[in-house]
Amino acid sequence: QVQLVESGGGLVQSGGSLRLSCVVSGGIFTLYAMGWYRQPVGKQRELVAREIGRSSTNYADSVKGRFTISRDNAKNTVYLQMNSLKPENTAVYYCNRVQSLLPWGQGTQVAVSS
């Protein structure tokens, strides 16, 4: 019964920034570590950022220093701040639990122009 609703994507120029949001409803949000995944056209979905426990985070090498995952427990929302975007970051972005995956939401499209 848990639902994941991503938003905040859009079209941005190289070097620009976006902040993605993921609202988690119907679950015990505060008890589960969350992550952000992406799926470029024609490629597999991959994990790009995740929470580890309550105080640590981990990122794919390609986004370290540019992307930041965070949360607002009062709003049942996890965020992905994306800075210095590159065309290769173009993908549909999804959120999900990292230890026990939920059914995927619709994702939000991020398109970075060169």
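The values are calculated or read from the model by the stated rules, or taken from the named source; none is laboratory data. Model, not experiment: these values are computed from the prediction. These accessible areas exclude ligands, DNA and RNA; they are computed on the full protein's heavy atoms, side chains included. Shrake-Rupley method; radii C 1.70, N 1.55, O 1.52, S 1.80 Å.
Of the beta bridges in region 8-59, as assigned by DSSP with both residues counted there, near 100 percent are antiparallel. The chain: D in µm²/s via Stokes-Einstein (Kirkwood Rh, Cα pairs, 20 °C, 1.002 mPa s)? Rounded to a whole number, D works out at 153 µm²/s. For region 19-114, the per residue solvent-accessible surface stands at 54 Å², with DNA, RNA and ligands left out and a 1.4 Å probe. Going by accessible surface with a 1.4 Å probe and the largest first, T30, T108 read T30, T108.
As a length-normalised measure over Cα pairs under 8 Å and 6 or more apart, the relative contact order of the chain settles at 37 percent.
For R97, R54, the ranking by accessible surface with the largest value first comes to R54, R97, using a 1.4 Å probe. The accessible surface of region 1-53, taken with every protein chain in place and a 1.4 Å probe, is 50 percent carbon and sulfur.
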